[in-house]
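Student: Have a look at the structure that comes next, please.
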Amino acid sequence: MLESLQNIFKVPELKRRILFTLGFLAIYRIGCHVPIPGIDAKALAEFFQAQQSGILGFVSMFSGGALSRMTVFALGIMPYISASIILQLMTAVVPTLEQLKKEGAAGQKKITQYTRYGTIVLSIIQGAGIAIGLQGTTSPSGAAIVIHPGGGFILFTVITLVAGTAFIMWLGEQITEKGIGNGISLIIFAGIVAALPAALAQTASMVRAGIMQPYVVLVILVIVVSVIGAIIFMENGFRKVPVQYAKRMVGRKTVGGSSTHIPLKINTAGVIPPIFASSIILFPATIAQVIDHPWMQTVAASLNPGTIVYNLVFVGFIIFFCFFYTAIMFNPVDVAENMKKHGGFIPGIRPGKNTSDYLDTVLSRITFVGAIYLSAVCVLPMFLIQKLNIPFYFGGTSLLIVVGVALDTLRQMESHLLQRHYDGFLKKGRLRDRRGR
C-alpha cells in the first residue's frame, strides 16, 4: 500500500488531478463555515441540537453541517441531485429528451444545461422556504433565530443560498472533469467525513461522563465494521454470463472462436439509489419542516428518519432507482445486437431476442438482490442506532456513500497507475469498475 501511494506522485497527471480535487474540496469545506448575515448563531445551534436526530439533522449531514450553521452552502448539492433525477425520469418519457440522449456528447451537454436550470429553480424554492421558515422559528430557550426579519432578509438569503448551490455545482463538475472521481459524490463524501471527528469527540465525552457505556461503543464499532465489510463484498460481487464467439473467415484468415463473459454487477447503480432516494424525501420534508401548518407538520414528523413511513418510502425509492438506473446503464437489447453482429452467443441461448430476454431476466434477478442489499444496509443500522440512543445521525446510508465513493475513487486511481505500468492498490485482486472489469 505504501509503495502504491508513492507511485501516485510518480505519475504527474494523477498527482495533478489528486491535488486539484483536494484543493476544490478544501474550498467547499471553507464555504461550509461562512455564515449568512442576520442569523443568531447561538439560537440556531440550540435549535439544531434539538433537531439533530430528525429530518433536519439528516439534511445537515448531506450538506456537511452547512445547514446547521446556516452558511452560504446550506442547501448543499441536493437541489442539483433532485434536478438530475427529474431530468433522468423525463428522459425516459419525453421523446425530445430521449432523442437528445441518443445524440451523444452534444445531446448530453444540452441535458446538463437543463439540469443546471432546474437546480437554480429548486434552489430558489428551497431557499425561500428556509428563509421564511427561519423567521418564525425560535430556539428551545425562546430566542429568535433571525435577528432582523423581513423581506430584505428573505431576498438576501435566497440569493446567497442559490449562489452557494450554483458554486457547489460548478465545483463538482470541475472535479469530475479535471480531478479524480465523481465530483458530486466526493462533495457529499467530504461533508459526511467532516462530521466524523465531532461525532467521535461527542461519543468519547459521553463515555467519560458515564452517559454511554463502553460496551455500547464496542457494539457500534462491530456494527460499523460489519456494514463496511458487507458493502465491500457486495460492491465487488458480479454474475458472469459466458459468451462464445464462433470462428469466421476474414479474407484468408480465421478469426474468433474465443470465450469470454459479460460481468453483471449485483449493484450496478452503486450509491446512486440511496442518494436519489434521500434527495426526494428531503425536499418535501424540508419544506414541511419550515411551514407552520398542522398537516405539513404531520408530514414532517412522519418523514423523520426511523419512522415506519420514512423507512417504507425510503426502501421503495431505493428499489425503484436500483432498477431505473440499471436500465439506463445496461441495455440488454443493444448488448444482444452487438453480440450477434460480431458472431457472439450465450451457450444454450439463441442470438437476438432470446439473448436479450435472457440477459434482462438475469439482470433483473441480481438487481433485485442488490436492491435488497442496499435497503438493508441503509435501514437496518438505523434501528440499531435508535436502540443504542446514539446522539448523532450516522447510519448505513452515510457508510454506504463513504465506502462506495472511496471504492470508485480508488478504481480510477488504480486505472491511472496500471496504464503507466505501476502497481495498483491491490496487487493480487484488482478493483473492478461498475461493469465488473
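The values are calculated or read from the model by the stated rules, or taken from the named source; none is laboratory data. Keep in mind the model is a prediction, meaning the values are calculated, not measured. Cβ atoms come from the backbone with ideal geometry, glycine included; neighbour counts cover every protein chain shown.
Student: From the residues in segment 218-244 that are small (Gly, Ala, Ser) and in a helix (DSSP H, G or I), which one is farthest from residue 383 (Cα to Cα)?
Tutor: 229
Student: Right, something else. Is there any pair linking a residue in segment 132-143 that is in contact (Cβ under 8 Å) with a residue 12 or more places away in the chain and under 17 Å from residue 157 (Cβ atoms) to one that is surrounded by 18 or more Cβ atoms within 10 Å (Cβ to Cβ) and of a type outside the set (Gly, Ala, Ser), with Cβ under 6 Å and at least six apart or on different chains, and which?
Tutor: 133/290; 134/145; 134/146; 135/146; 137/145
Student: Shifting gears a bit: List pairs: first in segment 190-212 and at pLDDT 80 or above, second of a type in the set (Gly, Ala, Ser) and assigned to a helix (DSSP H, G or I), Cβ under 8 Å, 6+ apart or cross-chain?
Tutor: 191/66; 192/398
Student: Moving on. Could you tell me which of the residues 144, 163 is closer than 17 Å to residue 119 by Cβ, of a type in the set (Gly, Ala, Ser) and surrounded by fewer than 20 Cβ atoms within 10 Å (Cβ to Cβ)?
Tutor: Going through 144, 163 in turn, just one is closer than 17 Å to residue 119 by Cβ, of a type in the set (Gly, Ala, Ser) and surrounded by fewer than 20 Cβ atoms within 10 Å (Cβ to Cβ): 163.
Student: Determine if segment 185-202 includes at least one residue that is over 27 Å from residue 278 (Cα atoms) and part of a helix (DSSP H, G or I).
Tutor: No, because not a single residue in segment 185-202 is over 27 Å from residue 278 (Cα atoms) and part of a helix (DSSP H, G or I).
Student: Sort through 313, 271, 309 and tell me the only one that's touching a Gly at 6+ places or on another chain (Cβ under 7 Å), at pLDDT 75 or above and among the β-branched types (Val, Ile, Thr).
Tutor: Selected residue: 271, the only one of 313, 271, 309 that is touching a Gly at 6+ places or on another chain (Cβ under 7 Å), at pLDDT 75 or above and among the β-branched types (Val, Ile, Thr).
Residue-wise test of (1) in contact (Cβ under 8 Å) with a residue 12 or more places away in the chain; (2) closer than 22 Å to residue 172 by Cβ; (3) in a helix (DSSP H, G or I).
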site	(1), (2), (3)
83	yes, yes, yes
86	yes, yes, yes
96	no, no, yes
101	no, yes, yes
118	yes, yes, yes
123	yes, yes, yes
129	yes, no, yes
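Student: With the checklist (1) assigned to a helix (DSSP H, G or I); (2) out of contact with any Ser or Thr (no Cβ under 7 Å at 6 or more places or on another chain) in hand, flag the one item residue 169 doesn't pass.
Tutor: Against the list (1) assigned to a helix (DSSP H, G or I); (2) out of contact with any Ser or Thr (no Cβ under 7 Å at 6 or more places or on another chain), residue 169 comes up short only on (2).
Student: Right, next: Only one of (1) β-branched (Val, Ile, Thr); (2) surrounded by 15 or more Cβ atoms within 10 Å (Cβ to Cβ); (3) within 19 Å of the chain's Cα centre (by Cα) is not met by residue 223, so which one is it?
Tutor: (3)
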